[in-house]
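What follows is a single structure, written as structure tokens, with notes after it.
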Ligand SMILES: Cc1cc2nc3c(=O)[nH]c(=O)nc-3n(C[C@H](O)[C@H](O)[C@H](O)COP(=O)(O)OP(=O)(O)OC[C@H]3O[C@@H](n4cnc5c(N)ncnc54)[C@H](O)[C@@H]3O)c2cc1C
């Protein structure tokens, strides 16, 4: 009989892990504390973006973060109380804001991004996923000449160090590529290798595929811990009873630290709250996904709709929907787009990104039990890194060779 693996968490990371494990011959059960795919993977911006190689921890990031403390409506917001309660995390972040560690983190992020970009194309094709997948790239738009010039060294770094070149566009070329923009922007960079899809469609399509592969999905079943004997988990504990398991994957995103005691580790993940607004396509809908880098707002045109998204708030596990944060999205869209909004608003949403101090996920065995694998902490790129993470998880549990070096994702880097 095939071995049984329990995947805790039905976000995009847990779901891709379940997919690769089921394809690898495991009997798979997915458990979630809430509804399937309704965590951070539900209404994010949908970018599958190999261009996003660099972590948040870059030289100068500490000063930029401190300045936001004094701006009421900054897209990046850090509550002083959250800093004080999580001083170790923020010091770890600050320590990594140097070129050497930025480049090392970038290489490890890129390995997951590039592998995932290819796997998305393969899995969408193989499983006939109807997820509004489009390969039109991602267009960074700069309003001011100063902002455009300021970004140039980053683009150079991506091109020269990470082999991720963009097409540089002057103001006229920008308008020609994207007529939905208002005139007057300084220019842009088009990362043509990026792609996008509709995240809620992805989650429902992956669920369809998993069920077809015989995977059992149990919703509204919070996991509280593991039964462990001699360093091996024998079952996953839930309020509805124990679920016997030969192996466990913990893909609980921003909630992961709530399982610290059971994992035998302090997994340094903080929730980084972001927002999105989903509408029908406006009359002058953008052709390509856009990022307004100076305002840190993203625009995603789907075949079936239109989404504004982004902002980042470190405010603990705060579940309120703050309309002022949504206002940051609409205000920015009005600055850049001819037709920035459409009626009716179909969804106002927030999600907790699972943020680590170095921008890298943890993909590693838990100290408490060798057959429990943590796969969490994908920061701002969980969608873009999920297929390769899922493949790596399945390879590690199979005990053979892995398609990526797992070393950069080990927990020990935080010791
Ligand atoms: C506004 C916004 C825009 C974004 N845009 C992009 C983008 O364009 N591209 C990109 O790559 N990324 C993007 N991201 C980031 C991306 O959404 C996340 O990195 C990703 O969704 C994390 O996936 P996950 O599976 O780890 O977590 P989640 O999707 O949050 O899933 C974790 C699941 O675990 C469950 N869970 C937690 N604890 C337990 C427990 N004890 N028992 C059982 N179940 C449990 C939760 O209910 C949840 O369903 C964006 C995020 C935001 C907020």
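The values are calculated or read from the model by the stated rules, or taken from the named source; none is laboratory data. Quick caveat: nothing in here was measured; it's all calculated off a predicted structure. Counting neighbours? That spans all protein chains shown, and the Cβs are built from the backbone with ideal geometry, glycine included.
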Show me the strands (runs of 3 or more DSSP E) found entirely inside segment 265-352 where at least 2 residues are within 16 Å of the chain's Cα centre (by Cα). 270-279, 297-302, 305-314
Taking the options 357, 344, 271, name whichever one is touching a residue at least 60 places away in the same chain (Cβ under 8 Å), surrounded by fewer than 21 Cβ atoms within 10 Å (Cβ to Cβ) and either over 15 Å from residue 76 (Cβ atoms) or in contact with a strand residue (DSSP E or B) (Cβ under 6 Å, 6 or more places away or on another chain) (or both). 344
Every listed condition ((1) modelled with pLDDT under 95; (2) at positive phi; (3) surrounded by 18 or more Cβ atoms within 10 Å (Cβ to Cβ)) holds for residue 76 save (2)
For segment 18-42, how many residues meet the condition of being outside any loop (DSSP other than H, G, I, E, B) and in contact with a helix residue (DSSP H, G or I) (Cβ under 7 Å, 6 or more places away or on another chain)? 7
Can you go through 329, 335, 308 and tell me which one is modelled with pLDDT of 95 or more and either away from the ligand (no atom under 12 Å from the Cβ) or more than 28 Å from residue 252 (Cβ to Cβ) (or both)? 335
What tally of residues in segment 213-232 results from selecting those that are touching a helix residue (DSSP H, G or I) at 6+ places or on another chain (Cβ under 8 Å) and crowded, with 18+ Cβ neighbours inside 10 Å? 4
Candidates 408, 367, filtered to the one that is over 20 Å from the mean Cα position of the chain (by Cα), more than 16 Å from the ligand (Cβ to nearest atom) and either buried (at least 23 other Cβ atoms within 10 Å of the Cβ) or in contact (Cβ under 8 Å) with a residue 40 or more places away in the chain (or both): 367
I'm trying to understand the selection: among the residues of segment 375-405, which are surrounded by 24 or more Cβ atoms within 10 Å (Cβ to Cβ) and more than 25 Å from residue 125 (Cβ to Cβ)? 376, 377
For segment 79-88, which residues satisfy the criterion of being at pLDDT 95 or above and in a loop (DSSP other than H, G, I, E, B)? 86
Sort through 37, 25 and tell me the only one that's within 14 Å of the ligand (Cβ to nearest atom) and at positive phi. 37
Name the helices (runs of 4 or more DSSP H) wholly within segment 134-218 that hold at least 2 residues that are within 14 Å of the ligand (Cβ to nearest atom)? 199-212
If we scan segment 254-264, do we find a residue that is outside any helix (DSSP H, G or I) and surrounded by fewer than 21 Cβ atoms within 10 Å (Cβ to Cβ)? yes
Report whether or not residue 91 is touching a residue at least 60 places away in the same chain (Cβ under 8 Å) and either assigned to a helix (DSSP H, G or I) or under 27 Å from residue 311 (Cβ atoms) (or both). no
Just name the residue that is surrounded by the most Cβ atoms within 10 Å (Cβ to Cβ) out of those in segment 302-326 that are farther than 26 Å from residue 84 by Cα and in contact (Cβ under 8 Å) with a residue 60 or more places away in the chain. 307
For segment 60-71, check the following and say yes or no: at least one residue is assigned to a helix (DSSP H, G or I), surrounded by 21 or more Cβ atoms within 10 Å (Cβ to Cβ) and within 20 Å of the chain's Cα centre (by Cα). no
